[in-house]
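Down below is the structure, laid out as structure tokens.
The values are calculated or read from the model by the stated rules, or taken from the named source; none is laboratory data. The structure presented is a predicted model; accordingly, all values stated were derived computationally and were not measured. Quick reminder, even Gly has a Cβ in these numbers, built from the backbone with ideal geometry, and neighbours come from all protein chains shown.
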Amino acid sequence: MQQVFMNIILNAVDAMNERGDLVIETAHDAEKQQITVRITDTGCGIPQEIREAVFDPFFTTKEPGQGTGLGLAVACRIVQAHGGRTEVESEVGKGTCFTIVLPVRAEAPTDGGTEDAAQPQAAGNPPFAGE
């Protein structure tokens, strides 16, 4: 998950051209059994016509040599592998918000009965699915 957050945050920093606000919010919804992470920037925003393409492999708006176009594609696939989803909202000239929604594991997975599988999680720190 570290790679997911780093890719989104680095893109946000690039979009803000060294100035602006970057806000990271987290929430736990016990009823829906999910964790939400919102990363919002006050950068240039993403035009509607390319918004969904930002998750496509090798798609980039950066100058040649400045990016591979793999960061958001890889981040989205990692989130999906954990049973989650990635959403994007953006307004040109105002900024972008990426929302990561991940399920919370109800129980530690079993791996053939090893001791580690039965260890409880610390209260107040629900694990991300797939840890």
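Here are the numbers for this structure:
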| quantity | calculated |
| --- | --- |
| Residue check, Gln3 loosely packed, with under 15 Cβ neighbours inside 10 Å, in contact with a helix residue (DSSP H, G or I) (Cβ under 8 Å, 6 or more places away or on another chain) and not basic (Lys, Arg) | yes |
| Some residue of the range 3-10 being in contact (Cβ under 8 Å) with a residue 40 or more places away in the chain, more than 19 Å from Ser90 (Cα to Cα) and part of a helix (DSSP H, G or I) | yes |
| Single condition Asp29 does not satisfy, out of (1) surrounded by 15 or more Cβ atoms within 10 Å (Cβ to Cβ); (2) over 11 Å from the mean Cα position of the chain (by Cα); (3) modelled with pLDDT of 90 or more | (1) |
| Residues of the range 78-130 satisfying the condition of being part of a helix (DSSP H, G or I), exposed (fewer than 15 other Cβ atoms within 10 Å of the Cβ) and at pLDDT 90 or above | Gln80, Ala81 |
| Boolean, Met6 is more than 12 Å from the chain's Cα centre (by Cα), hydrophobic (A, V, I, L, M, F, W, C) and at pLDDT 90 or above | no |
